[in-house]
1. Test VAL747 against the criterion of being at pLDDT 90 or above and either surrounded by fewer than 17 Cβ atoms within 10 Å (Cβ to Cβ) or under 60 Å from the mean Cα position of the chain (by Cα) (or both), and give yes or no.
2. Suppose we keep only residues that are touching a Lys or Arg at 6+ places or on another chain (Cβ under 8 Å) and more than 20 Å from ASN675 (Cβ to Cβ) within the stretch 611-649. Which one would you say is modelled with the lowest pLDDT?
3. For the stretch 770-807, enumerate the residues that are in a strand (DSSP E or B), within 14 Å of ILE841 (Cβ to Cβ) and of a type in the set (A, V, I, L, M, F, W, C).
4. Any idea which of LEU863, LEU855 is modelled with pLDDT of 85 or more and part of a strand (DSSP E or B)?
5. Select from the stretch 87-101 the residues that are in a strand (DSSP E or B) and under 10 Å from ILE42 (Cα atoms) and write down the one among them that is nearest to the chain's Cα centre (by Cα).
6. Check PRO876 against each of (1) modelled with pLDDT under 90; (2) surrounded by 14 or more Cβ atoms within 10 Å (Cβ to Cβ); (3) under 14 Å from PHE769 (Cα atoms) and name the one condition it does not meet.
7. Condition (residue is among the β-branched types (Val, Ile, Thr) and modelled with pLDDT under 75) applied to the stretch 401-424: is it met by at least one residue?
8. Looking at SER808, SER786 in this structure, which one is touching a residue at least 40 places away in the same chain (Cβ under 8 Å) and among the hydroxyl-bearing types (Ser, Thr, Tyr)?
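The values are calculated or read from the model by the stated rules, or taken from the named source; none is laboratory data. Owing to the predicted nature of the structure, the values given are computational and were not obtained by experimental measurement. FYI the Cβ positions are ideal-geometry reconstructions off the backbone, even for glycines, and counts take in every protein chain you see.
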Amino acid sequence: MTQIESPKVVKKKLFSPIWLLPVVALILGAWLGVKSIKESGIEIVIHFPSAAGIDIGKTLVKYQGLTVGKVSDIGIDDDLKGVNVKVVMDYRADPFLNQNTLFWLVKPKASITGVEGLDTLFSGNYIAIQPGDGRSATEFEAQREAPAILPGSEGIMVELKSPKLGSIDVGSPVFFRQVPVGSVVSYRLDGNKQIIISAFVQEQYTHLVHKDSRFWNVSGLKIDASLAGIKVNTESIASILAGGISFDSGSETTKANNGDTYPLFQDEQTAIGGVMFTLSAESADAISEGTALVYRGITIGNVDQKQLTKNGVEFSAHVEHHYKTLITPDSRFWLSGAELSLKGMKNVGRLITGSVISVLPGTQPPTESMQFELASHAPDLLIADKLMLTVVAATHTGVSTGAQIRYKQLPIGQVLSVNLSDDFAQVEYQIEILPEFKNLVTQGSFFVPESALSINASLDGVNVTTRDLTTMLEGAISLVPSKNSELVKANSILALHESLETAQALYAQQQMTQLTLNSIDGADLLEGSPIYYKKMQIGAVAKINWQAKTDKFNIDINIDKKFAPLIKANTVFWRNNAVSINASLAGVNIDVAPLKGAINGGITLGHLDSNIASDTQTNLRLYDNQSLALMQAKVIELTLPVSAKVTPKAAIRYQGHQIGEISQVKLDPTLTTLNAKAYLYGDYAAHFSRIDSEFFIVEAQISLAGINAPETLLTGPYIGVIPGKETSTSDAFTAKSHARLDANIPVDAVRFQLVDTQLGSIKVGTPLFFRGINIGQIDGYQLADSGVDITLFAHVNAQYAHLVNKSSQFWDASGIKLDVGLFSGAQLETQSLETILAGGIAIATRDVTTETNTLSENDRILLQHNKLEEWIEWQPTQTK
């Protein structure tokens, strides 16, 4: 039987991966479509007067050299007044396509002011864009010219007002001291009487333009020809060809803002100069434009223009700014020409050059607008109103009687007489100042003599200045006025300095902080020696004075006022060494002073640590070196025996510790003592400068017993000191040849006196022995007034005080004792080797020491020469 298989049921899949391909393709196509639409560009329309220089598909739109669009089509506008240029802009330019965005065509342009659009010779014309603000727009009107300020340009724009344009054009340079700092960007008419010129100043030069700056025209070539000569004036070749504008920075107080307005003057003289005023006269005979205004032979201004008025002729004139102080409301003017008479001829040159207007300065304060009458002859001068003064100088300057007193090389007075002062210390010049110049002489003014020949040689070259023949023959004096407005009274005394530099140096010195330092010597300093702070010069030495009474020096110094804050309570000064060498195991440190300080000497200013006490008087001392200054060492004077071998740098010691040093040693004029200057270190000065402090000389003492102070054999003698106990202090002491007898005796030692008829080998330091042990010593000796005996001053150390009392016996144990008898033979008696060499005193005590038998400082005990055997047997039964 045939077996039939049962059918299999297979479950159909709901989704096949093959369907992912059309889905991805659909998404990718949509993204590419959106991207293509987004980046397809933005179409705008720009209206131009003509399509000259614009090509479809070629002309680009650029911003700062970057292509941001391209011309796609050109069509004629509906009004037939231009063309509409369709431009496809990059989609990224959308934020910049606003209502105030500007477009203009850039093409090559050559003019006198320069060449523009030079890059278009290679890349072709292009349309430039300057982004603006406002709402978004797609239609624009092209600019006929490029904007005044191109994209990327920064600076300020100022407006200049002028009655005429002259040769100024767009692109004309703007100069500052003949350096081009900007250019003219545009100009326009303002009504029918003036032109407004827009000038751009580059950002790096904007700080030169201030609210009170003055602008003037430097265009072309200015030629002023007259009988007096020919004057040619120009700024630069560029200004000759393309015109130009120049300006000054004014008072440099307030900077200009963008859009500020200034008048444009016709020339520099009019812009910067002086005082403008008017003169009125009945007629204009012998007066023309350019007629000079003259004061004492110097041309100080000119007539600018003349015009008819109802009452005659009016002249507009100006005086140069150098002389503007001469023109005041009470100034006087008159016409002056050549004078011919039987007595002779004056001002003959004016027959050729023409008449001039002479000026007599006034004394009243100037006003803004001034008008004067032009007289036909000179006015009478008020000679009685002259200012009489006395000018004093340290030496005669060569100025003689009749010499001129000048201001800015103008005569303002003369010297009446030259005499010595009553004390013959100074030279006095009696001078007179003309009344019209009295207001120039104010408090703080001074005078300097003029040199007929002045030669200034430096690395930059040689400058030779000469004066006129009058200065060479008679000399002259120049007035240097002060800024003070208070006038000098008649018969006042003013200074005549050797030169302007000397006066300036004196003024600078007066502006400095002045101090006086005390020094024990001149410190190798000179006037002008530098003062340093951290190796930077901050002042100089002004003067060095020797004080005969104290044999000390006062050093006057000047510190620049800007360093005045360095002068504090903890400020100290010390002298500089030309070369300072500090050698130690760590190495050798060599410090060389600056060249000027090494040659002329120098002073260094420093400060103490905040924890070091100081006082003002101490800080005004000039220390020998930095370490003494920083330790606040105190100066004292020591009087030494003439035989003392103490030298400078010798130490001052207390119990072996150095507490000071000797700075200077010299022989007294009496030849009997030595005078020494010494320093006590600041930490110890309070203890050892007390009035009862004792100083003494310590030097080596060689004897059979040994050597005392052996270190002085190498270092030399030094000064020992014992501190005082009084509260009062002193800075002068007398040093003894040795320490006092009880200087080294302990306070708790037992003191007493021994009496003998002969000193023998006993001396200061002879030891006291008890059973061979050193328990004390002889401190000194003294011969009695009667000459009968000798008193020995002795002490026993405190730890052995119980071994001596009034029952003790003392005998001389020095040397060797030999006793020779006929029948007993010879007996040799000696103590230790020390007593043989240095001597000694032996002690034996019978009773126990109690309060009743203790020795006192005034007890006197007989010194025995021979000992008794029973003394050796004494043994006190009780000891302490």
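1. In short, no.
2. Top of the filtered list is THR618.
3. Scanning the stretch 770-807 gives PHE770, ILE773, ILE775, ILE778, ILE790, LEU792, PHE793, ALA794, VAL796.
4. Within the list LEU863, LEU855, the selection yields LEU863.
5. Across the stretch 87-101, the extreme among qualifying residues is MET89.
6. The one condition PRO876 does not meet is (3).
7. no
8. SER808
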